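The values are calculated or read from the model by the stated rules, or taken from the named source; none is laboratory data. Because the structure is predicted, anything quoted here is derived from the model rather than measured. Positions of Cβ are backbone-derived with ideal geometry, glycine not excepted, and every protein chain shown enters the neighbour counts.
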Amino acid sequence: MEKIIIDGNSLRIEDVVNVCRNNYEVQLSDKAIDNVIKSREIVDQYVNDEKVVYGITTGFGKFSDVVISKDEAKILQRNLIISHACGVGEPLDEEIVRGIMLLRANALAKGYSGIRLETLNTLIEMINKKVHPVIPEKGSLGSSGDLAPLSHMVLVMLGEGEAFYKGQRMPGKKAMELAGIPTIELTSKEGLALINGTQVMTAIGALAVYDAMNLSKMSDVVAGLTIEALNGITTAFEEDVHNVRPHEGQINTAKNLLRILQESNMTTEQGEIRVQDAYTLRCIPQIHGASKDAIKYVKEKVEIEINSATDNPLIFRDKGKVISGGNFHGQPMALSFDFLGIALSEIANVSERRLERLVNPALSGLPAFLIEKGGLNSGFMIVQYSAASLVSENKVLAHPASVDSIPSSANQEDHVSMGTIAARKARTILDNARKVLAMELLAACQAIDLRGNKGLGRGTKIAYDIVREQVSKLDDDRIMYEEINKCESLLKSNVILEKVEECIGKLY
């Protein structure tokens, strides 16, 4: 079994994907083990000396001024978890739950949280033996960390709550027993160390940004097919145009398009059929490129966050200090995931407009709604309706969550990030955008057949051939959602992207 070694400092998004989706196992580095042990020694010293330190010998939030005795430390930590497990809604997908556990383990491995090594190892065993706590998707304010959802994760460590194990939902205690993992009793600081962090929003967002990177590349391939279906002009993609406005995403998208469309007999040059194309074709590098730059920014922020200590208080073992700060505040992720949602929404917006150009005979020069016997058949008419519905939904969802805040804990926590809402919204927008691109992909292949396939580009031919292995040309109306779903599956599995990159090299 493949393994990821975690040390709190070097985790990459690709590692997160491998643990979440490919079931890689997780192991602590020797240095991480040493750091965790030393950090715990400081917590034990503070408890023995009965020093007043937030979350170790005090209550939480507004109760930070209530001192807790050494004898009550275990009760305090258990009460923290059971009282904070207030999540509601549908359970998060198991791949996200694996991401949450991995990211929390990696943060704890840094050695600033004061957790016991055996407690951290319990969490890692749950990842490796596939005990996945039932974590409701709603209930986090994204400040003081993802308190409610992370508490549901910890419940299972205590033998409480619920978990999925081998495809079955069951009581947490039973899942731990079946997996052969002993449950634990938390002691001073441990409950807070496990739940005071941004790992729920970051796990959701990390997977979303990884998928967004792939979808942004596929958007160029899909757009390439539409360009061919409409005899689009490639002159606008030439290097000279983009070097004088050198945004990285714009330059790279133009390069992608020229490589994807290389050897095509269906594209044109400036002045050959028309002087210039509409913006949805001519400005693909500028539009897709801006989204790619945004996605790259979010990826950079996520990779900082997944290697950060985000709980409170933090234990600085080398200086023998415990400092109460605010690294749990989700604002860096909240803004990033709002940005990600906007970037993905724009990829869908321009895709739907290209789809409209394909189905509208006044714009395409093709049969109305891409069907030869129109009237008797509706063809792709309602495919465009559905795409329009999705992009309109995305416009609502793209409203930033991060501009909202509601005070909590009797106004002690008087500004919160709503970062987990931002992450969930971005994930929904991603799903909608993928569906819209699937519709454009399906329509572009139909339009190419109606135009007459005179020879596609090196990249677009691969995409077209893979689609046509799954879906034949539409001659008469048939059930369309099944074919949309087939194209969506092709996008989600990255099978087209992988084949295209095998042929023409990595896309940007």
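Residue 320 meets the conditions (1) in contact with a helix residue (DSSP H, G or I) (Cβ under 8 Å, 6 or more places away or on another chain); (2) crowded, with 18+ Cβ neighbours inside 10 Å; (3) at pLDDT below 95 in every case but one. The failed one is (2).
Would you please name the residue that is surrounded by the most Cβ atoms within 10 Å (Cβ to Cβ), looking only at residues in segment 361-375 that are in contact with a helix residue (DSSP H, G or I) (Cβ under 8 Å, 6 or more places away or on another chain) and of a type outside the set (A, V, I, L, M, F, W, C)? Of everything passing the filter in segment 361-375, 364 is surrounded by the most Cβ atoms within 10 Å (Cβ to Cβ).
When segment 431-488 is limited to residues that are over 25 Å from residue 268 (Cα atoms), part of a loop (DSSP other than H, G, I, E, B) and without any contact (Cβ under 8 Å) to a residue 60 or more places away in the chain, the one that is farthest from the chain's Cα centre (by Cα) turns out to be 478.
Is it true that residue 389 is assigned by TED's automatic domain parsing to the domain that holds residue 294, of a type in the set (Ser, Thr, Tyr) and part of a loop (DSSP other than H, G, I, E, B)?
Working: assigned by TED's automatic domain parsing to the domain that holds residue 294: yes; of a type in the set (Ser, Thr, Tyr): yes; part of a loop (DSSP other than H, G, I, E, B): no.
When the stated conditions are applied, residue 389 does not pass them.
Here 241, 221 are screened, and the one residue that is in the same structural domain as residue 461 (by TED's automatic domain parsing), out of contact with any Phe, Trp or Tyr (no Cβ under 6 Å at 6 or more places or on another chain), of a type in the set (Val, Ile, Thr) and surrounded by fewer than 18 Cβ atoms within 10 Å (Cβ to Cβ) is 241. Among residues of segment 50-69 that are of a type in the set (Phe, Trp, Tyr), those with a Cβ under 6 angstrom from a residue that is not in a loop (DSSP other than H, G, I, E, B), sequence gap 6+ or separate chain, pair up as 54/64. For segment 378-423, residues that are surrounded by fewer than 18 Cβ atoms within 10 Å (Cβ to Cβ), over 21 Å from residue 433 (Cβ atoms) and either at pLDDT 95 or above or not hydroxyl-bearing (Ser, Thr, Tyr) (or both) total 11. Among the residues in segment 127-142, are any in contact (Cβ under 8 Å) with a residue 12 or more places away in the chain, in a helix (DSSP H, G or I) and polar (S, T, N, Q)? Yes: segment 127-142 contains one or more residues that are in contact (Cβ under 8 Å) with a residue 12 or more places away in the chain, in a helix (DSSP H, G or I) and polar (S, T, N, Q).
Run down 166, 174 and say which single residue is out of contact with any helix residue (DSSP H, G or I) (no Cβ under 9 Å at 6 or more places or on another chain) and surrounded by fewer than 24 Cβ atoms within 10 Å (Cβ to Cβ). Spell out how you get there, then give the answer.
Numbers: 166 fails: out of contact with any helix residue (DSSP H, G or I) (no Cβ under 9 Å at 6 or more places or on another chain).
Only one candidate qualifies: 174.
Residue-wise test of (1) buried (at least 22 other Cβ atoms within 10 Å of the Cβ); (2) in a strand (DSSP E or B); (3) modelled with pLDDT under 80; (4) out of contact with any Phe, Trp or Tyr (no Cβ under 9 Å at 6 or more places or on another chain).
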residue	(1), (2), (3), (4)
39	yes, no, no, no
43	yes, no, no, yes
63	no, no, yes, yes
71	no, no, yes, yes
75	no, no, no, yes
78	no, no, no, yes
97	yes, no, no, no
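Under 20 Å from residue 436 (Cβ atoms) and not small (Gly, Ala, Ser): does that describe residue 314? Taking the combined requirement at face value, the residue does not satisfy it.
Here is a yes/no grid of residues against (1) over 24 Å from residue 502 (Cα atoms); (2) without any contact (Cβ under 8 Å) to a residue 40 or more places away in the chain:
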residue	(1), (2)
250	no, no
254	no, yes
258	no, yes
261	no, no
276	yes, no
281	yes, no
284	no, no
292	no, no
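One residue alone among 170, 126, 101, 153 is over 24 Å from the mean Cα position of the chain (by Cα) and modelled with pLDDT of 95 or more, and that residue is 170. For residues that are assigned to a strand (DSSP E or B) and under 25 Å from residue 48 (Cβ atoms), tally how many sit in segment 154-201. Of the residues in that region, 0 qualify. Here residue 26 meets the list (1) of a type in the set (A, V, I, L, M, F, W, C); (2) surrounded by fewer than 18 Cβ atoms within 10 Å (Cβ to Cβ); (3) in a strand (DSSP E or B) almost entirely, failing just condition (2).
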